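Peer 1: Quick one: this structure, given as structure tokens, is what I'll be asking you about.
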Amino acid sequence: MKNITVLGSTGSIGTQTLEVVRETPGLRVVGLAAGRSADLLEEQIREFKPKMAVLWDEEKARKLRESVKDMDIKIGSGMEGLLELAVLEESEILVTAIVGMIGIRPTIAAIEAGKDIALANKETLVTAGHLIMPMARERGVKILPVDSEHSAIFQALQGSHAGELKKIWLTASGGPFRGKKQEDLMEIRVEDALKHPNWSMGKKITIDSATMVNKGLEVMEARWLFGVDIDDVQVVVQPQSVVHSMVEFVDGAVIAQLGTPDMKLPIQYALFYPERKYLPGERVDFWKLGHLDFEKPDMDTFYALRLAYEAGKRGGTLPTVFNAANELAVSQFLNHEIKFLEITEIIEDCMRAHKVVENPDVDEILEAEAATYERIKSRR
């Protein structure tokens, strides 16, 4: 029996992680954390009976304590609660499905406590990969990717040796606006951008897919996960979302991981690694599929991807600025405060205005985030 803690248990990845727990014997939930969804968190507490649960909002946490006072459970709140939950003695693996840079400190705390990390929080490595990966190696902690593309790369690399990897082919669906040009995107509505052709995801990541920011974040994340130069991570559009990513080796061989677009597969693989377990669900039917398409990404229309490569190459605090600017801009778009194309415009403006700090510590990373937010808020 493996004990797991889930940060972000009420979100898309978190709820699917709990589906895996329901469907696959051998997992026990000992910790849960959520942002504001108190009612759903209470349902999860009553079903999985963890040792501890955390709500970010203190007032909601206070009410939750009252609601579950019939149970033997500790309820925490805020960053203090997340940090305590991250190092919970009974936990063996921390699933970081929490959204945003709020995930950095709990991830670091868990690594320092020797917990393996099932990583679904892109911001952790995008902004602090230079801190996280050396720390994980020093502590002997596994960083197991939950993102479908990074899981595919991780799976394709099994059995290979250092020095054999030549290039990573990171696949992208192209999102709902594949094939469109800038002029086609002038009046895009929120509901249009939320119609992903293949994947069912949370709102923020769905918008990131529409702008291809998500793929840019994945490029920067892949650099740290797999120890490659950012120019050795090549994005390729694969509209069917069947090829989840590929690895090219020095001898020219290419190994790909294929499957239906189902996040439960990479979640389960991370939780049981190196074992594979039966997972119910659809399978790829190659007779029905018939063909697979591959396209070069349009980095003129979706130039956020080009900006991501720029941020990743420059390093320092610039990836933090890219991520933070996008985070707030997407929030403004979802609130109908800005237009779709302004998301990338805001990212570029913040990057151009930023004075990069080299090798930032966590405080400097969070300061860069705060300064970026301030710049965006001062625009209006």
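Peer 1: Restricting to the range 55-78, name every residue that is open to solvent by 20 Å² or more (accessible area, probe 1.4 Å) and within 16 Å of Leu88 (Cβ to Cβ). Working first, answer last.
Peer 2: Start the filter on the range 55-78 by keeping residues that are open to solvent by 20 Å² or more (accessible area, probe 1.4 Å), which leaves 56-60, 62-63, 65-67, 69-74, 77.
Within the range 55-78, Asp72, Ile73, Lys74, Ser77 meet the criteria.
Peer 1: Hey, among Val141, Val219, which residue is part of a loop (DSSP other than H, G, I, E, B) and within 28 Å of Gly316 (Cβ to Cβ)? Spell out the reasoning first.
Peer 2: Numbers: Val219 fails: part of a loop (DSSP other than H, G, I, E, B).
Of Val141, Val219, the one residue that is part of a loop (DSSP other than H, G, I, E, B) and within 28 Å of Gly316 (Cβ to Cβ) is Val141.
Peer 1: Scan the range 276-289 for residues that are under 30 Å from Leu185 (Cβ atoms) and either in contact with a Lys or Arg (Cβ under 8 Å, 6 or more places away or on another chain) or open to solvent by 70 Å² or more (accessible area, probe 1.4 Å) (or both) and jot them down. Quick ask: steps written out before the conclusion?
Peer 2: So the first thing to find is which residues in the range 276-289 are under 30 Å from Leu185 (Cβ atoms), and the list is 289.
Correct list: empty.
Results for (1) basic (Lys, Arg); (2) assigned to a helix (DSSP H, G or I); (3) surrounded by fewer than 17 Cβ atoms within 10 Å (Cβ to Cβ), shown as yes or no for each residue.
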| residue | (1), (2), (3) |
| --- | --- |
| Leu305 | no, yes, no |
| Phe340 | no, no, no |
| Glu345 | no, yes, yes |
| Lys355 | yes, no, yes |
| Asn359 | no, no, yes |
| Glu367 | no, yes, yes |
| Ala370 | no, yes, yes |
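Peer 1: Restricting attention to the range 144-176, which residues are touching a helix residue (DSSP H, G or I) at 6+ places or on another chain (Cβ under 6 Å), assigned to a loop (DSSP other than H, G, I, E, B) and buried (at least 20 other Cβ atoms within 10 Å of the Cβ)?
Peer 2: Val146, Gly175
Peer 1: Okay, next question. Tell me, please, whether a residue that is among the acidic types (Asp, Glu), open to solvent by 20 Å² or more (accessible area, probe 1.4 Å), in contact (Cβ under 8 Å) with a residue 60 or more places away in the chain and over 24 Å from Glu187 (Cα atoms) can be found in the range 320-333.
Peer 2: To start, the set of residues in the range 320-333 that are among the acidic types (Asp, Glu) comprises 327.
Next cut, open to solvent by 20 Å² or more (accessible area, probe 1.4 Å) only: 327.
Applying the additional criterion that residues be in contact (Cβ under 8 Å) with a residue 60 or more places away in the chain yields 327.
Next, only the ones that are over 24 Å from Glu187 (Cα atoms) stay: none.
No.
Peer 1: I'd like the full set of residues that are modelled with pLDDT of 95 or more, of a type outside the set (A, V, I, L, M, F, W, C), surrounded by 20 or more Cβ atoms within 10 Å (Cβ to Cβ) and more than 18 Å from Ile93 (Cα to Cα), limited to the range 11-54.
Peer 2: Gln44
Peer 1: Further question on the same structure: Pairs needed: first member in the range 245-263, open to solvent by 40 Å² or more (accessible area, probe 1.4 Å); second member anywhere, assigned to a loop (DSSP other than H, G, I, E, B) and among the charged types (D, E, K, R); C-beta distance under 6 Å; at least 6 residues apart or different chains.
Peer 2: Hits for this filter: Val250/Glu164.
Peer 1: In addition: Being within 20 Å of Val219 (Cβ to Cβ), out of contact with any Pro (no Cβ under 9 Å at 6 or more places or on another chain) and assigned to a loop (DSSP other than H, G, I, E, B) narrows it down to one residue among Pro297, Pro274; which is it?
Peer 2: Numbers: Pro274 fails: within 20 Å of Val219 (Cβ to Cβ).
The match here is Pro297.
The values are calculated or read from the model by the stated rules, or taken from the named source; none is laboratory data. Treat the numbers as computed from the prediction; the structure is a model and nothing was measured. All Cβ positions, even for glycine, are placed from backbone atoms using ideal geometry, and neighbour counts span all protein chains on display. What goes into the accessible areas is simple: the full protein's heavy atoms, side chains included, and nothing from ligands, DNA or RNA. Shrake-Rupley method; radii C 1.70, N 1.55, O 1.52, S 1.80 Å.
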